[in-house]
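Throughout, read-outs are computed from the coordinates displayed, never taken from laboratory work. None of these values were measured; they are calculated from a predicted model. Virtual Cβ from ideal backbone geometry, glycine too; neighbours counted across all protein chains shown.
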Amino acid sequence: MAVADELRASGAEVSFLGAKGRMEAELVPRGGYEIDLVKVRGIDRRNPLKAARAGFEALGAVGAARKVLRRRGADVVLGGGGYVAGPAGLAATLTGTPLVLSEADSHLGLANRLLARRAQRVCLAFPIAGREGEPYLVTGRPVPKAVLEADREAARRRFGIAPDARCLLVFGGSQGARSINLAAIEAFAENGERGFDVLHIAGARDFAELQRRLAAAAHGERYTLLDYEPDLGDSLAAADLVVARSGGSIFEVVAAGRPAVLIPYPFATADHQSANAEWMRAAGAASVFADAELSAERLRAEVAAVLGDPARLGAMAAAARGLARPDAARRIADEVLEAAR
């Protein structure tokens, strides 16, 4: 969406191709873009029968994607590595349409590995060993303008956080992260007094349970529990420290210049969240520990060690800003326009 906004600002017409039943069916129209949907799903390599069904479905999606490209008169295709990216990329090569790929994680996903040799450019969020030189280019991962433009004072007024208070932001993925959700509510609302505000985006799945626990908690004051935020702009602007997984949202964290305590999701493909977290830790922008080590006590101790040390907090924030690539969306948009030419 961030790249689409940059392309539109350059005068390009942009539409999306997505998978039926996925979040893009709602998010893309909400962002003001048209979307064509095809039937496709991820390949479960642990289940041969399901993988075979998904493979046949993907073949059908290639034909559907070709029809969309012709009907839209596409000059270029940008693949983002999701379920639909494989069929869309193959459709681009079959129709002679220039292809640009964008990889959000610290390894190439299946679709991008298969399509990389056919792409004019592969835009990488991170440097990847063995993926140097043409067609690879490290651009960083695009982040929404809401993150780059958020105002700290306005964000704090919105959430009722005093200008001089310290604030901890806790969040997981779009559905939340259950182990982090439970550890946070226990660590910062149910047990022990704290000297900072908590802003907790729980996700829809665990929200009702956490809401009940917060209502009964001994230290529930200055603890704001939300089920969903359309973007992290205000939340990151209001915060001083972040507790989160280490998926693609770490680029939004560093774009906002926020230090983090990261607990990688242990079942992420190719364990890419551990690699993402290590990227921040090695730069001095994050403290990292495994999900298996997560407990209310451990989380409370990690947060206290950072928030309670202003010098360390400031150094980590500076390191995060040093990792930021606020121009990533513009750079990828430029590559897309060049491929179209």
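On a 0 to 90° scale, report how tilted helix 272-283 is relative to the longest principal axis of the chain, with both axes built from alpha carbons and the result rounded to the nearest 10.
60 degrees
Go ahead and run the numbers for FRET between ALA154 and ALA301, Cβ-Cβ distance against an R0 of 25 Å, rounding to 0.05.
0.15
Could you calculate the FRET efficiency of ALA162 with GLU132 from 1/(1 + (r/R0)^6), where r is the beta carbon distance between them and R0 is 51 Å, rounded to 0.05?
Working from the Cβ atoms, E equals 0.60.
Percent relative contact order of segment 45-165, based on C-alpha pairs within less than 8 angstrom and at least six residues apart?
16 percent
Roughly how big is the chain's charge dipole about its Cα centre, with Cβ charges of +1 (Lys, Arg) and -1 (Asp, Glu), in debye to the nearest 20?
The dipole magnitude comes to about 1180 debye.
If you find the alpha carbon centre of segment 180-228 and of segment 265-286, how far apart are they in angstrom?
When both Cα centres are located, 25 Å separates them.
How far is helix 310-323 tilted, in degrees, relative to the longest principal axis of the Cα atoms in the chain, given as a value from 0 to 90 rounded to the nearest 10?
10 degrees
What aspartates and glutamates could a cross-link reach from LYS39, if we take a straight Cα to Cα line under 15 Å and drop same-chain neighbours fewer than 8 places away?
GLU24, GLU57
With a 10 Å cut-off between alpha carbons and a GNM built on the chain, which of ASN276, ASN191, ASN112 moves the most?
ASN191
Taking a ≥ b ≥ c as the square roots of the eigenvalues of the Cα gyration tensor of segment 120-203, is the shape rounded (a/c under 1.5), prolate (a/b larger than b/c) or oblate?
prolate
Give, to the nearest whole percent, the P(r) tail of the chain beyond 39 angstrom, counting all Cα pairs.
Here the tail beyond 39 Å accounts for 18 percent of pairs.
Take every Cα pair under 8 Å in the chain that's 6+ residues apart, average their separations, divide by the length, and report that relative contact order as a whole percent.
It rounds to 16 percent for the chain.
For helix 328-340, report the angle its Cα long axis makes with the longest principal axis of the Cα atoms of the chain; keep it between 0 and 90° and round to the nearest 10°.
It works out to around 0 degrees.
Along the charge dipole of segment 168-237, pointing to its positive end and built from +1/-1 on Cβ of Lys, Arg, Asp and Glu, which listed residue (PHE196, TYR223, PHE207) has its Cα farthest out?
About the Cα centre, the residue reaching furthest to the positive side is PHE207.
Which listed residue (ILE185, LEU148, ALA318) has the Cα farthest towards the positive end of the charge dipole for the chain, taking +1 on Lys and Arg C-beta and -1 on Asp and Glu C-beta about the Cα centre?
Most positive-ward Cα: LEU148.
Considering only DSSP states other than H, G, I, E and B, which trypsin sites (Lys or Arg not before Pro) in segment 54-124 qualify as loop sites with at most 10 other Cβ atoms within 10 Å?
Hits after loop and neighbour filter: nothing returned.
From Cα pairs below 8 angstrom and at least 6 apart in sequence, can you work out the relative contact order of segment 236-341, rounded to a whole percent?
30 percent
Say we join alpha carbon atoms closer than 10 Å with springs in a Gaussian network model of the chain; which of GLY79, GLY247, GLY96 then has the biggest fluctuation?
Between GLY79, GLY247, GLY96, it is GLY96 that shows the largest mean-square fluctuation.
Kirkwood Rh, Cα Rg: Rg to Rh for segment 146-323?
We get a ratio of 0.93 for segment 146-323.
So what are the ³J(HN,Hα) numbers for segment 226-231, from phi and the Karplus equation (6.51, -1.76, 1.60; θ = phi - 60°), rounded to whole Hz, Gly and Pro as x?
Karplus values, whole Hz, x for Gly and Pro: 10, 8, 7, 10, x, 8.
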